[in-house]
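Novice: The following block contains the structure, expressed as structure tokens.
The values are calculated or read from the model by the stated rules, or taken from the named source; none is laboratory data. Please read all numbers here as calculations on a predicted model, not as lab measurements. Note that each Cβ is placed from the backbone with ideal geometry, even for glycine, and that neighbours are counted across all protein chains shown. Accessible surface areas use protein heavy atoms only, side chains included; no ligands, DNA or RNA. Shrake-Rupley method; radii C 1.70, N 1.55, O 1.52, S 1.80 Å.
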Amino acid sequence: MPREFLSIDPSQLPKHFDSKESERKWDKFWQANKIYEYETPDTRDQSFVIDTPPPTVSGSLHIGHVFSYTQTDIVARYQRMCGKKVFYPLGWDDNGLPTERRVQNYFHVRCDPKTPYQRDLKIEIPTKEQEKEHPRIVSRENFIELCHRVTQEDEKTFEELYRRIGLSIDWREVYATIDDRCRKISQLSFLDLFQKNHIYNLESPTMWDVDFQTAVAQAEVEDRQQGSAFHNIQFCIQNSKRTFVIATTRPELLPACIGVAAHPDDERYKELFGRQALTPLFRVPVPVFSTELADPEKGTGILMVCSFGDATDVQWWKEKKLNLRQIIGKNGRLLPVDFKSELWPSTTPEEAQKFYDQLAGKNVRQARSAIVELLRLPEASAAQDAKVPLQGEPQPLEHAVKFFEKGDRPLEFVTTRQWFVGLLKQKEALLKKGDEIKWFPDFMRSRYRNWTDNLQFDWCISRQRYFGVPIPVWYPIDEEGRTLYDKAILPESRQLPVDPMIHTPRNFSESQRDQPGGFCADPDVFDTWFTSSLTPMITAKWGLDDTRMKQLFPADIRPQAHEIIRTWAFYTIAKSLLHENSIPWKSALISGWILDPDRKKMSKSKGNAVTPIHLLDEYSSDAVRYWAGSARLGVDTAFDEQILKIGKRLTTKIYNASKFVLMQRSPAGPVTQNLDLSFLKALQQLVENATKSMEQFNYAQCLQDTEKFFWSNFTDTYIEIVKVRAKEGTEEQKISAIASLRLGLSVLLRLFAPHLPFVTEEVWAWAFAKEISEPSIHKSPWPSTKDFEALSLPTSSEEFENAAALYSVINKFKTTHNISIGAPVEFLKISASKEKIDAIASSLQDIFGATKLSRHEFQARPIEGFEVSAN
RNA sequence: GGGCAGUUAGCUCAGUUGGUAGAGCGCCACCCUUACAAGGUGGAUGUCAUAGGUUCGACCCCUAUACUGCCCACCA
């Protein structure tokens, strides 16, 4: 032990903690000293691996970007202090639609894959005049270049923010979901799934967004309430006088009608089953069939089946082997139709054609109003009574309609060829893997179960977009010019990443592209989740580095938000199952949402988002982290600037208390006094509880307990009580007080360090860093029994609690008599039980010193705590 | 319609296995006290959503109801 404790001269320190300066300084220091760089340990269990969510880089930051990331960082810092080698990477999610949309708006361009690539194409941000013109058309490759340009700028902004709030990320381990490694691993994933027969392509009706003109997966679909109307339309039975009225909200799909259905027990329609009905206007015969899915109470109890109004239509189409009369095109407009063809066997083809020609080319909304007018014409009737088909006026109703979550118009079912991952048959295995994972909070597990249980479709992974990972597939073209979709040509894994639009498959030459006897490229890209679902495998370099894979997979934790359990969590579990038959991570940490003061979810699109930078400037990173670290996992939190103020106050208090403790000069020595040891016993109990909380990822509990102890036990009580002794006591008493104050501070700083990395590092550097020659508090050991093992601590902290109680009672006496706490008191009579009076004996000198009490007299009375009076 | 949460002081939230209701903010009063006025000391404030039940005893366990939020389904 050195001869004197290392102390500071407070006059050399700034009066107030300069958070901005501290944030700059320590970020540089951590970087320079490689504090957060992952070092490979000998065994897997010495690592703590984090599967960090790749943020969508969107240019505009909001407070949500720091909330859950800070929570993860707190866990990372705790594990690092516990001696784990923390693997804490970060990915940028720049792949996908949000980026495409931003590029379109930012540069005022549109992508057309048929446009040739232009090398050195210069595109600048358009002027106001240029923005009024038509958007500039660019090739797919040029478009992708622009995507990179935009995302790189955004990534810089994000990195600055994440450094500013002190995320202890290993910045060497940064990836982008569109970079070479991610493209390669995504394509490897495709190859592996293909070889394992988990993947197939199929031409079938798929949910389709008519604006983005791409297929979408079940997970990207959301319901929205929409105003609509029931239209009652009269059909008739072919070669019969019998008529009936169906109710539909989609009259424009009448030409796509492929059947009529009612409930098998419905007496009104029983006799019709098995017969052919004629549609009005077009007079196309369609079969009438019975189905349990029809609800006799709804509408008129009998309905028309179209290709395709909704998912049940698709189901009936498959089950009843109905015709395919696709009239909605990929752009959402009605396709041309030939009523003389076999597919539309109209009994009056010429009239049908005339009617339809008034609809062709219109979008859904336009076609609907047009067909409603046509249905008001008597000549539209299919029945012999020639009644107007549209019976009465449409009756308005509200109902849920499926939308692509990013889309503006309802989804249509359009028949296209898409790639799928077979997940339906994996349900049981997926549920089992979900149960092997620990969920925090545990009830989030049921979100996963719920979704997995109700899965209805295999995963459609192909998207008709540009800025994404290309599907690594070519198809042969036979001599007649037909594309052989069932003979897909896949690249070899060492060729990856490939772009089949640019690269040529083996045994073919570029001149054979799109030629009979040649090949063609699959033009599609993957659903972004196809890549995102690989994050724990991307960081572990699956397929590229087997050693690293063993070290880093499965990860320890996956932090994420709850609304993407059905996407990110679900697909990641699916991928790990299919590729590795493993769980992807041991624990899932599900963060809550930030709500605005009106308790609405904060989001950019709602315009109620709070931007973080001015908060960091005003309150400091530590204060913002304090707010984020106060919120428990899975609990939605209203944004409250008050809490930032409290956080800032806490950092100030830590700074000042540290200054006080470390300015005490004293020879080095042991803790010997009972009160000091009793205080340290209380501290040791705090350490136990805090550690228990952190092990459960309950960082908020840890903070709350530590803060309470720090403020009430340490600064307001213990420091105040021993202050006088630290200055005026005997050498041994002084040393004990100061040694105990320093140990207390050292432990508390380390308990605070994961939450408040800047102020704790700042203070740590004054003395403790040199004493234990560990330059950063963030690599110093998390407090444990080791900190106390040299001391003979009492079995309880009762003595300290008694001293605190008596000290408080004397303060109360002063306050109620309007005396300053610092004012001396001549005499007090102290009442307490005999046991308490005996127990307090060794602390009395400190208490009387702290309260400036000159004389006292004890009175033993059977009361709960202490009481004092002036006579 | 199914599922998951939540409802505690004016506000934001804690409340361990059932044992007399907690913190911070805000409010009120007092105090410049040599680390800190960006502070300190003290005070007031609750039918723990409602109704039953179990129990010697319920914020806590059980049942039902109401309200709020979320996830899923409903789409003719």
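Novice: How many residues does the range A:805-852 contain that are in a helix (DSSP H, G or I) and closer than 22 Å to A:Asp676 by Cβ?
Specialist: So the count comes out to 23.
Novice: Can you find a residue in the range A:659-679 that is surrounded by fewer than 17 Cβ atoms within 10 Å (Cβ to Cβ), within 12 Å of RNA strand B (Cβ to nearest atom), under 29 Å from A:Asn698 (Cβ atoms) and of a type outside the set (Gly, Ala, Ser)?
Specialist: Checked the range A:659-679: no residue is surrounded by fewer than 17 Cβ atoms within 10 Å (Cβ to Cβ), within 12 Å of RNA strand B (Cβ to nearest atom), under 29 Å from A:Asn698 (Cβ atoms) and of a type outside the set (Gly, Ala, Ser).
Novice: Against the condition touching a His at 6+ places or on another chain (Cβ under 9 Å) and either open to solvent by 10 Å² or more (accessible area, probe 1.4 Å) or not in a helix (DSSP H, G or I) (or both), how does A:Pro754 come out, does it pass?
Specialist: Against the criterion (touching a His at 6+ places or on another chain (Cβ under 9 Å) and either open to solvent by 10 Å² or more (accessible area, probe 1.4 Å) or not in a helix (DSSP H, G or I) (or both)), A:Pro754 qualifies.
Novice: Test A:Lys692 against the stated conditions and say whether it is surrounded by fewer than 22 Cβ atoms within 10 Å (Cβ to Cβ), within 8 Å of RNA strand B (Cβ to nearest atom) and either at pLDDT 90 or above or among the small types (Gly, Ala, Ser) (or both).
Specialist: Answer is no for this residue.
Novice: Next question, about the same structure. Could you list, ordered by first residue, the pairs with Cβ atoms under 7 Å in which the first is in the range A:476-487 and assigned to a strand (DSSP E or B) and the second is open to solvent by 80 Å² or more (accessible area, probe 1.4 Å) and among the basic types (Lys, Arg), at least 6 apart or interchain?
Specialist: A:Pro476/A:Lys487
Novice: Next up: For residues that are open to solvent by 70 Å² or more (accessible area, probe 1.4 Å) and within 9 Å of RNA strand B (Cβ to nearest atom), scanning just the range A:599-611, find the one that is modelled with the lowest pLDDT.
Specialist: Among them, the one singled out is A:Arg599.
Novice: Right, next: Being over 24 Å from A:Phe697 (Cα atoms) and either more than 27 Å from the chain's Cα centre (by Cα) or crowded, with 17+ Cβ neighbours inside 10 Å (or both), is that true of even one residue in the range A:43-57?
Specialist: yes
Novice: Taking the range A:100-125 as the search range and keeping residues that are hydroxyl-bearing (Ser, Thr, Tyr) and outside any helix (DSSP H, G or I), which one is most open to solvent (accessible area, probe 1.4 Å)?
Specialist: Ranking the candidates gives A:Tyr117 first.
Novice: What's the number of the only condition in (1) assigned to a helix (DSSP H, G or I); (2) over 28 Å from A:Lys241 (Cα atoms); (3) open to solvent by less than 50 Å² (accessible area, probe 1.4 Å) that A:Ser369 fails to meet?
Specialist: (3)
Novice: Go through A:Leu411, A:Leu424, A:Leu431, A:Leu397 for me and flag whichever is within 30 Å of A:Ala488 (Cα to Cα), surrounded by fewer than 16 Cβ atoms within 10 Å (Cβ to Cβ) and of a type in the set (A, V, I, L, M).
Specialist: Residue meeting the stated conditions: A:Leu424.
Novice: Restricting the search to the range A:434-457, which residues are assigned to a helix (DSSP H, G or I), in contact (Cβ under 8 Å) with a residue 40 or more places away in the chain, under 17 Å from A:Gln218 (Cβ atoms) and open to solvent by 50 Å² or more (accessible area, probe 1.4 Å)?
Specialist: A:Arg447
Novice: Is it the case, given these coordinates, that A:Lys362 is over 22 Å from A:Pro285 (Cα atoms) and of a type outside the set (A, V, I, L, M, F, W, C)?
Specialist: Against the criterion (over 22 Å from A:Pro285 (Cα atoms) and of a type outside the set (A, V, I, L, M, F, W, C)), A:Lys362 qualifies.
Novice: Would you say A:Thr279 is within 16 Å of RNA strand B (Cβ to nearest atom), within 51 Å of the chain's Cα centre (by Cα) and without any contact (Cβ under 8 Å) to a residue 40 or more places away in the chain?
Specialist: When the stated conditions are applied, A:Thr279 does not pass them.
Residues are listed down the side, and each one gets a yes or a no for (1) open to solvent by 20 Å² or more (accessible area, probe 1.4 Å); (2) at pLDDT 95 or above:
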position	(1), (2)
A:Tyr475	no, yes
A:Leu484	yes, yes
A:Ala488	yes, yes
A:Pro491	no, yes
A:Arg494	yes, no
A:Ile502	yes, no
A:Ser509	yes, yes
A:Pro516	yes, yes
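Novice: Shifting gears a bit: Any idea which residue in the range A:305-324 is surrounded by the fewest Cβ atoms within 10 Å (Cβ to Cβ), counting only those that are in a helix (DSSP H, G or I) and in contact with a strand residue (DSSP E or B) (Cβ under 6 Å, 6 or more places away or on another chain)?
Specialist: A:Val314
Novice: Next question, about the same structure. What pairs can you find where one residue is in the range A:707-731 and part of a loop (DSSP other than H, G, I, E, B), the other is modelled with pLDDT of 95 or more and near RNA strand B (Cβ under 10 Å from one of its atoms), and their Cβ atoms are less than 7 Å apart, with a gap of 6+ or different chains?
Specialist: none
Novice: Follow-up. Considering only the range A:489-511, how many residues are of a type in the set (A, V, I, L, M) and outside any loop (DSSP other than H, G, I, E, B)?
Specialist: The qualifying residues number 1.
Novice: Based on this model, can you work out whether A:Ile246 counts as in a strand (DSSP E or B), within 11 Å of RNA strand B (Cβ to nearest atom) and of a type in the set (Val, Ile, Thr)?
Specialist: Here the answer is yes, as A:Ile246 does meet what is asked.
Novice: Among the residues of the range A:827-837, is any open to solvent by less than 30 Å² (accessible area, probe 1.4 Å), at pLDDT 90 or above and over 20 Å from A:Glu801 (Cα atoms)?
Specialist: Scanning the range A:827-837 turns up at least one residue that is open to solvent by less than 30 Å² (accessible area, probe 1.4 Å), at pLDDT 90 or above and over 20 Å from A:Glu801 (Cα atoms).
Novice: Within the range A:211-233, take every residue that is more than 9 Å from RNA strand B (Cβ to nearest atom) and open to solvent by 10 Å² or more (accessible area, probe 1.4 Å) and give me the one that is nearest to A:Leu374 (Cα to Cα).
Specialist: That would be A:Asn232.
Novice: Would you check which residues across the range A:718-742 are crowded, with 21+ Cβ neighbours inside 10 Å and either more than 15 Å from RNA strand B (Cβ to nearest atom) or within 46 Å of the chain's Cα centre (by Cα) (or both) and list them?
Specialist: Those that are crowded, with 21+ Cβ neighbours inside 10 Å and either more than 15 Å from RNA strand B (Cβ to nearest atom) or within 46 Å of the chain's Cα centre (by Cα) (or both): A:Tyr718, A:Ile735, A:Ser736, A:Ala739, A:Ser740, A:Leu741, A:Arg742.
Novice: Same structure again: Return yes or no: is A:Leu335 surrounded by fewer than 17 Cβ atoms within 10 Å (Cβ to Cβ) and over 20 Å from A:Gln238 (Cα atoms)?
Specialist: yes
Novice: Can we say A:Glu203 is surrounded by fewer than 18 Cβ atoms within 10 Å (Cβ to Cβ) and of a type in the set (Asp, Glu)?
Specialist: When the stated conditions are applied, A:Glu203 passes them.
Novice: What do you reckon, is A:Leu375 within 50 Å of the chain's Cα centre (by Cα), more than 14 Å from RNA strand B (Cβ to nearest atom), of a type in the set (A, V, I, L, M, F, W, C) and within 14 Å of A:Thr279 (Cβ to Cβ)?
Specialist: no
Novice: Does A:Ala262 satisfy the condition of being open to solvent by 10 Å² or more (accessible area, probe 1.4 Å) and in contact with a Leu (Cβ under 8 Å, 6 or more places away or on another chain)?
Specialist: no
Novice: Taking A:Ser792 as the residue in question, decide whether it is away from RNA strand B (no atom under 11 Å from the Cβ), modelled with pLDDT of 90 or more, small (Gly, Ala, Ser) and more than 30 Å from A:Phe758 (Cα to Cα).
Specialist: It is true that A:Ser792 is away from RNA strand B (no atom under 11 Å from the Cβ), modelled with pLDDT of 90 or more, small (Gly, Ala, Ser) and more than 30 Å from A:Phe758 (Cα to Cα).
Novice: Does the range A:282-304 hold any residues that are near RNA strand B (Cβ under 8 Å from one of its atoms) and either under 43 Å from the mean Cα position of the chain (by Cα) or open to solvent by 10 Å² or more (accessible area, probe 1.4 Å) (or both), and which are they?
Specialist: Matches in the range A:282-304: A:Leu293, A:Ala294, A:Asp295, A:Pro296, A:Glu297, A:Lys298, A:Gly299, A:Leu303, A:Met304.
Novice: Being within 16 Å of RNA strand B (Cβ to nearest atom) and within 30 Å of A:Gly669 (Cβ to Cβ): is that true of A:Ser11 here?
Specialist: Answer is yes for this residue.
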